[in-house]
1. Name the pairs whose Cβ atoms lie under 6 Å apart, with the first residue in region 118-130 and among the aliphatic types (A, V, I, L, M), the second part of a strand (DSSP E or B), and 6 or more positions between them or separate chains?
2. Could you pull out every one of the strands (runs of 3 or more DSSP E) wholly within region 74-146 that has 2 or more residues that are not hydrophobic (A, V, I, L, M, F, W, C)?
3. Looking at F64, F45 in this structure, which one is within 21 Å of N112 (Cα to Cα), exposed (fewer than 10 other Cβ atoms within 10 Å of the Cβ), out of contact with any Cys (no Cβ under 7 Å at 6 or more places or on another chain) and not β-branched (V, I, T)?
4. Mind checking which residues of region 96-114 are of a type in the set (D, E, K, R) and either buried (at least 17 other Cβ atoms within 10 Å of the Cβ) or modelled with pLDDT under 95 (or both)?
5. Being of a type in the set (G, A, S), surrounded by 10 or more Cβ atoms within 10 Å (Cβ to Cβ) and at pLDDT below 95 is the requirement here; does S32 meet it?
Amino acid sequence: MAITKVSPDLLDLDSGLTITTSDNSDTLSLVSTDTDANAAPYLNFYRNPGEAGADSDQLGQITFVGKNDAGTPEDVDYARIITQIKDASNGTEDGRLAINTMVGGELYSRMNVLEGETVFNDESIDVDFRVESNGNANMLFVDGGN
């Protein structure tokens, strides 16, 4: 069955939506057939409380979940991308983007993009930071343990 137009009478999504595939094909595709110099397609996460937003409002989260190899496999959040309003004040709005990943069985902040700085390894875990260049695998290297 193909759905080409969605209306409240055709499809009720108030309870959420799960899309499942049984192979490795695309589960969801957003396709634009436009050929101009503008960006498309768009995926827009919009938190709309119906009134003003507030400092510290979480705007959205993308969680990457998989199974571990326990005797009875458990769901594990292996990575998360989080966004947040840091300052909702008109004219001085600030936002936050954070990337967290699983390290040694715990979810840690790996990159935190804030209004005044970008912080790597904000939780001081023992991981290295490395930037490669052409022919140099350690052009910039920070040893997390030292």
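1. Between residues of region 118-130 that are among the aliphatic types (A, V, I, L, M) and residues that are part of a strand (DSSP E or B), the close pairs are V119/N112; I125/V103; I125/Y108.
2. Where strands (runs of 3 or more DSSP E) fall fully within region 74-146 and carry at least 2 residues being not hydrophobic (A, V, I, L, M, F, W, C), they are 75-87, 94-103, 106-113, 129-133, 136-142.
3. Just a single option satisfies the conditions, and that option is F45.
4. Filtering region 96-114 down to residues of a type in the set (D, E, K, R) leaves 96, 106, 110.
Residues satisfying the conditions are R96, R110.
5. Considered against the rule, which asks whether it is of a type in the set (G, A, S), surrounded by 10 or more Cβ atoms within 10 Å (Cβ to Cβ) and at pLDDT below 95, S32 comes out as yes.
The values are calculated or read from the model by the stated rules, or taken from the named source; none is laboratory data. On a predicted model such as this, the values are computed, not experimentally measured, just so you know. FYI the Cβ positions are ideal-geometry reconstructions off the backbone, even for glycines, and counts take in every protein chain you see.
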